[in-house]
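Okay, so here's the structure we're looking at.
The values are calculated or read from the model by the stated rules, or taken from the named source; none is laboratory data. Note that the structure is predicted; figures quoted are calculated from it, not measured. Virtual Cβ from ideal backbone geometry, glycine too; neighbours counted across all protein chains shown. All accessible areas refer to the heavy atoms of the entire protein, side chains included, with ligands and DNA or RNA removed. Shrake-Rupley method; radii C 1.70, N 1.55, O 1.52, S 1.80 Å.
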Amino acid sequence: MQRLHDAGFASYLVGGGVRDALLGLSPKDFDVATNASPEEVKSLFPRNSRIIGRRFRLVHVLFGREMIEVATFRADHASGAGGEVADGGRIVRDNVFGSIEDDAFRRDFTVNALYYNIADDSIVDFVGAMADLEQRLFRLIGEPRQRCEEDPVRVLRAARLSAKLDFFIDEPTLDAMHEVAPELRSVPPARLFEEVLKLFQGGYALKSFERLRELDLLCYLFPATDARLKNQAENELEILHAALHNTDVRIAEGKPVTPYYLLAFMLWGDIFEIAQAAMKQGQSPSESLWQASDRVLPSQLRVTSIPKRFSGPMREIWLMQPQLELYVGKRALSLLESRRFRAAYDFLCLRARFDSDLQECADWWTEVQELDPEDQPDFCENKQSVRKYWGTEGRNKTKGRKRRKRRRSPKKTKTAGDGASSMTKTGDNGG
Ligand code: ATP
Ligand code: MG
């Protein structure tokens, strides 16, 4: 900001960075707004910046691992030659440069349109944002219905940010959100997935999830899960709450989080039910789970995309559940070495918190991990588990071997057996 200012340009911090700082929260990222063109910004940071984006042309300026987004003031999409609005009022392109005031009015919510001016250390407020901050009110700028229609994702942003900030949503904004929410069905799955990540990886996943449910928006992101939760599924809600809370705790502790763990929980209710039904038809646990994920994942992908690097591990976590519940002999040891062991084990532990029949099994896995590696084989050899959900298939060694042999047809290797070796082949196959 200082460099822009020294070069004679307007230089403001804007958006969530100002909002969060004023509220005493630590901002997640910083956005800078300026009257310098993207090319002028780039020339001020020749080594550490690049121009990106087509719909919004901005400059990313890198400082070590930090990235600051620098955007030139933009005007309303309808007021100049660079903008384009599709049928239904949606913005397709808005690259019209404008004044700082224009820039404020095309932002989504009042509290997101505050500017901090480095030139005189002042806050600039065109939209009554300071009053809203004080009243903890979340309000769309302009005519709410029109602003939601321009970009239905704003409906989700309102839910997420009002949850994060613990703000009330202004009544007219709320009405518009309800009216426009069904249009989320026509938002591209990839954009919705980006929002899913922001909802659940920002450190306030549980609050976001609850706000989505209060506003009846979960159905636009996870329709099957939403239907289950509306349909009783008390237990599933508890597990989901715990998984969301876990994610928040990990983020608060500065630990890494991966979306596939939470997403695996999000769809587990359906996966489990379908797999159990397939088992009743005589299929093996892994066949049942493959079948379930072949049904559940594609329907979910029509709503939010899930990149294969996440859907693959999700499937692996699911497939490992019956394997972990059947811990005998060498089989158990090889599971410990599986690259998805840790996630699948965490998954099992969380399930066990709400299903006392799984507790013994989860404890066993905890114990074996604490052993000296050389003591592990003995510990495993003498153990016989009884699994609750996946039948007793595989416990009898002879029978297990026979089954594996019969299924060794080339096409089906990935479904073969319950052994950990099959896990490596499932990698990135999901979705
Ligand atoms: P956080 O970073 O805490 O999730 P944020 O408000 O900073 O919240 P960003 O996605 O980082 O959200 O966006 C930065 C700013 O860009 C917003 O504060 C807002 O002014 C503007 N903005 C983002 N998305 C939209 C949108 N869909 N419509 C209008 N303005 C938007
Ligand atoms: Mg931000």
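Evaluate the stretch 152-170: report whether one residue or more is more than 30 Å from F265 (Cα to Cα) and more than 22 Å from the chain's Cα centre (by Cα). Yes: the stretch 152-170 contains one or more residues that are more than 30 Å from F265 (Cα to Cα) and more than 22 Å from the chain's Cα centre (by Cα).
Between L240, L289, L301, the distinction of being closer than 22 Å to V196 by Cβ and surrounded by 17 or more Cβ atoms within 10 Å (Cβ to Cβ) belongs to L240 only.
No other residue among R3, R47 is more than 16 Å from ligand 1 (Cβ to nearest atom) and outside any helix (DSSP H, G or I) apart from R47. Would you say R295 is of a type in the set (K, R) and over 15 Å from the mean Cα position of the chain (by Cα)? Taking the combined requirement at face value, the residue satisfies it. Pull up the stretch 21-37, narrow it to residues that are modelled with pLDDT of 95 or more, open to solvent by less than 40 Å² (accessible area, probe 1.4 Å) and of a type outside the set (S, T, Y), then point me to the one that is nearest to the chain's Cα centre (by Cα). Here the answer is V32.
Rundown of residues vs (1) out of contact with any strand residue (DSSP E or B) (no Cβ under 6 Å at 6 or more places or on another chain); (2) within 15 Å of ligand 2 (Cβ to nearest atom), yes/no style:
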{"site": "V18", "(1), (2)": "no, yes"}
{"site": "G24", "(1), (2)": "yes, no"}
{"site": "E39", "(1), (2)": "yes, no"}
{"site": "F45", "(1), (2)": "no, no"}
{"site": "N48", "(1), (2)": "no, no"}
{"site": "R65", "(1), (2)": "yes, no"}
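Residues that are touching a helix residue (DSSP H, G or I) at 6+ places or on another chain (Cβ under 9 Å), more than 16 Å from ligand 1 (Cβ to nearest atom) and part of a loop (DSSP other than H, G, I, E, B) within the stretch 6-40 comprise A7, F9, A10, N35, A36, listed in sequence order.
G329 satisfies every condition listed in (1) closer than 30 Å to R185 by Cβ; (2) open to solvent by less than 30 Å² (accessible area, probe 1.4 Å) except (1).
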